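Peer 1: Below you will find the structure I want to go over with you.
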Amino acid sequence: MDTRTSIAPHATEICTLPFLVPDYVNGDFAVREYHNFIDGAFAPSPKGDRIIVTNPSTGEAIATAPESTAADLDRALEAATAAGPAWARLPAIQRAAPLRAIARLIRENAEALARLITEEQGKILPLARIEVNFTADYMDYMAEWARRIEGEIIESDRANETIFLFRQPIGVIGGILPWNFPFFLIARKAAPALVCGNTIVIKPSEETPCNAHEFCRLVERAGLPKGVFNLISGRGSTVGNALASSEKLGMVSFTGSVETGSRVMAAASKNVTKVNLELGGKAPAIVLADADIALAARAIRDSRVINTGQVCNCAERIYVHERVKDEFVGRLVTEMRRTKYGNPLLDENVEMGPLINEAGFRKVDAMVKEAIAGGAEALTGARRGEGRNGFFYEPTVLLNCRHEMPVMRREIFGPVAPVATFSDLDEAIALANDCEFGLTSSIYTSDIRAAMRACHEIRFGETYINRENFEAMQGFHAGWRKSGIGGADGKHGLYEFLQTHVVYMQH
Ligand code: NAD
């Protein structure tokens, strides 16, 4: 998601979602009750347990969502299966029309949706607005592909024969989502899936189901045939696992942690279901001695505080050339220290919100403490954000981090910048590559030869040179090693949602 160029153009539009308006106008966050969206309608929720959604800035309950059962999931899968053939038969340009309608409705409701995302996920409002508008742009972008899906004609070895390679829909897609960019991830799964002629069942994260249920209210108004888009909320270990295990699924497209991704892959293997996995990262940022140090410090700081450091592709470990260590670290500490954080719904000027939940907070704090016990030096932060009820963690800089420390090897997912030094580019590239993750990476240098070497030798799916880590929708976001299988965005991401069919025609 490009956070620099995707400025929220509709942020001041009047909220038209009737469900949301009273809550925000009155400042009265009454606990709302959400329902699954199956076969084009909101389904009466099961009377059983409900997921309680909390605001991570305050710890207060704001909404409940169904803890769905296997029977609920079956109904959603049946609806998606039944809707499939008619949807697939439509010309792609007709499938694109409801996507554009959803994009328009998202923009009309941008401010209400952004506030809801901030409330349940904790990101600052400007970032939530970018997420919402980027989601609308993404729906439009994928709709554009309707006239660009292409097959091939292949030369035959035989006389009077033509070989056609068709690209055809896979069937029912299961989309399992994380909580960090919850609204955008709906579009990242649903938009390419639907324009390609598939139907979909989405399971949002139990941390952030509200925005997904509100998305369904837009789907309801967008003219999508019933059953094409379904949403079912529930726990990962039950509904998520049942979805990935289902024989009705043509592909499961999962975004989340490596641990869960590997469980999803195991569940899908029972039916040899295709998997598309977008997993965690441990992005190295390499700062060479000839870099623009001010730019590097600012971009890396932004990378650590955006979404409170809870972004799969942001710089998670920093290697700085020993000659410029003092200048770089000095600037980074200054930038991190002056980061204003707090409850983003109460103060629009904060630059950082809370971590997602208590478990996330404990994980970050434990990794920081472990690093300090192992010899790292905390130059700032390394503690709970003071005087606040939510899951706030102070922006932290750790110096003298060693390669074997967990803080340099495992995903932190918090506003923590662990720093190590290197003496030449060979060493920096070797340190960067010695990692089980392979999602993104970045390098700061004014030497084109060093930059080109990094392009060839850094073994990651994405590399950013002299800029912040954020992908474009027309690129291809695909991790190497444990960071995933397949990818998302652009032409290559779209084609993940199609399968080939080769026809040999004698004539
Ligand atoms: P998570 O793995 O805990 O959960 C993701 C989803 O999986 C949730 O909806 C959860 O309910 C579900 N789930 C849990 N157990 C399951 C099971 N056994 N079977 C099926 N589904 C199950 O991840 P998270 O904490 O929500 O998200 C953070 C992670 O996502 C980080 O590791 C981050 O790097 C990664 N992420 C990756 C990308 C990418 O594009 N590569 C993008 C965003 C987030």
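Peer 1: In segment 239-260, is there at least one residue being out of contact with any Asp or Glu (no Cβ under 6 Å at 6 or more places or on another chain), more than 16 Å from the ligand (Cβ to nearest atom) and either open to solvent by less than 10 Å² (accessible area, probe 1.4 Å) or among the aliphatic types (A, V, I, L, M) (or both)? Show your work before the answer.
Peer 2: Taking segment 239-260 first, the residues out of contact with any Asp or Glu (no Cβ under 6 Å at 6 or more places or on another chain) are 239-254, 256-260.
Checking which are more than 16 Å from the ligand (Cβ to nearest atom) leaves us with 250.
Filter again for either open to solvent by less than 10 Å² (accessible area, probe 1.4 Å) or among the aliphatic types (A, V, I, L, M) (or both), leaving none.
Scanning segment 239-260 turns up no residue that is out of contact with any Asp or Glu (no Cβ under 6 Å at 6 or more places or on another chain), more than 16 Å from the ligand (Cβ to nearest atom) and either open to solvent by less than 10 Å² (accessible area, probe 1.4 Å) or among the aliphatic types (A, V, I, L, M) (or both).
Peer 1: Under the condition of being part of a helix (DSSP H, G or I), within 19 Å of residue 34 (Cβ to Cβ) and open to solvent by 10 Å² or more (accessible area, probe 1.4 Å), which residue from segment 206-238 is nearest to the ligand (Cβ to nearest atom)?
Peer 2: Filtering first and then ranking leaves 236.
Peer 1: Scan segment 139-151 and report the pairs whose first residue is open to solvent by 40 Å² or more (accessible area, probe 1.4 Å) and whose second residue is aromatic (Phe, Trp, Tyr), with Cβ atoms within less than 6 Å and a gap of 6+ or a chain change.
Peer 2: From segment 139-151, the pairs are 151/166.
Yes or no, residue by residue, for (1) surrounded by fewer than 23 Cβ atoms within 10 Å (Cβ to Cβ); (2) at negative phi; (3) under 24 Å from the mean Cα position of the chain (by Cα):
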site	(1), (2), (3)
402	yes, yes, no
409	yes, yes, yes
415	no, yes, yes
426	yes, yes, no
430	yes, yes, no
438	no, yes, yes
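Peer 1: Restricting to segment 337-366, give me the number of residues that are crowded, with 20+ Cβ neighbours inside 10 Å and within 14 Å of the ligand (Cβ to nearest atom).
Peer 2: Total satisfying the criteria: 5.
Peer 1: In the set 214, 220, 207, which member is closer than 28 Å to residue 101 by Cα, within 15 Å of the chain's Cα centre (by Cα) and acidic (Asp, Glu)? Reasoning before the result, please.
Peer 2: On the way: 214 fails: within 15 Å of the chain's Cα centre (by Cα); 220 fails: within 15 Å of the chain's Cα centre (by Cα).
None of the others qualify; the one that does is 207.
Peer 1: For residues in segment 383-392 being away from the ligand (no atom under 16 Å from the Cβ) and within 26 Å of the chain's Cα centre (by Cα), which is modelled with the lowest pLDDT?
Peer 2: Here is the first cut: in segment 383-392, the ones away from the ligand (no atom under 16 Å from the Cβ) are 383-390, 392.
Now restrict to residues that are within 26 Å of the chain's Cα centre (by Cα): 384-385, 390, 392.
Values: 384: 93, 385: 90, 390: 85, 392: 95.
Filtering segment 383-392 for residues that are away from the ligand (no atom under 16 Å from the Cβ) and within 26 Å of the chain's Cα centre (by Cα), the one modelled with the lowest pLDDT comes out as 390.
Peer 1: Same structure again: Give me the residue from segment 261-275 that is part of a loop (DSSP other than H, G, I, E, B) and over 18 Å from residue 177 (Cβ atoms) and, out of that set, farthest from the ligand (Cβ to nearest atom).
Peer 2: First, the residues of segment 261-275 that are part of a loop (DSSP other than H, G, I, E, B): 270-273.
Subsequent filtering for residues that are over 18 Å from residue 177 (Cβ atoms) retains 270-272.
Details: 270: 12, 271: 14, 272: 17 Å.
Selected residue: 272.
Peer 1: All but one of (1) in contact with a Phe, Trp or Tyr (Cβ under 8 Å, 6 or more places away or on another chain); (2) more than 18 Å from residue 320 (Cβ to Cβ); (3) surrounded by fewer than 22 Cβ atoms within 10 Å (Cβ to Cβ) hold for residue 422, so report the exception by its number.
Peer 2: The one condition residue 422 does not meet is (2).
Peer 1: Hey, another quick one. Within segment 472-503, which residues are more than 16 Å from residue 139 (Cα to Cα) and among the charged types (D, E, K, R)?
Peer 2: 481, 482, 496 - these are the residues of segment 472-503 that are more than 16 Å from residue 139 (Cα to Cα) and among the charged types (D, E, K, R).
Peer 1: Counting only residues that are touching a residue at least 60 places away in the same chain (Cβ under 8 Å) and under 26 Å from residue 86 (Cα atoms), how many does segment 152-177 have?
Peer 2: 13
Peer 1: I'd like to check which strands (runs of 3 or more DSSP E) are fully inside segment 364-474 and have at least 2 residues that are over 28 Å from residue 278 (Cα atoms), touching a residue at least 40 places away in the same chain (Cβ under 8 Å) and not aliphatic (A, V, I, L, M). Walk me through it before giving the result.
Peer 2: Details: elements: 377-380, 396-399, 416-422, 440-444, 462-465.
Answer list for segment 364-474: 416-422.
Peer 1: Of the residues in segment 244-260, how many are closer than 22 Å to residue 477 by Cβ, touching a helix residue (DSSP H, G or I) at 6+ places or on another chain (Cβ under 6 Å) and not in a strand (DSSP E or B)?
Peer 2: 1
Peer 1: Moving on. Please find, among 263, 217, the residue that is of a type in the set (D, E, K, R) and farther than 18 Å from residue 80 by Cα.
Peer 2: So the residue among 263, 217 that is of a type in the set (D, E, K, R) and farther than 18 Å from residue 80 by Cα is 263.
The values are calculated or read from the model by the stated rules, or taken from the named source; none is laboratory data. Since the structure is predicted, the reported quantities are computational estimates derived from the model, not experimental observations. No Cβ is skipped: glycine too gets one built from the backbone with ideal geometry, and neighbour counts run over all protein chains shown. Note: accessible area is taken over every heavy atom of the protein model, side chains too, but ligands, DNA and RNA are not part of it. Shrake-Rupley method; radii C 1.70, N 1.55, O 1.52, S 1.80 Å.
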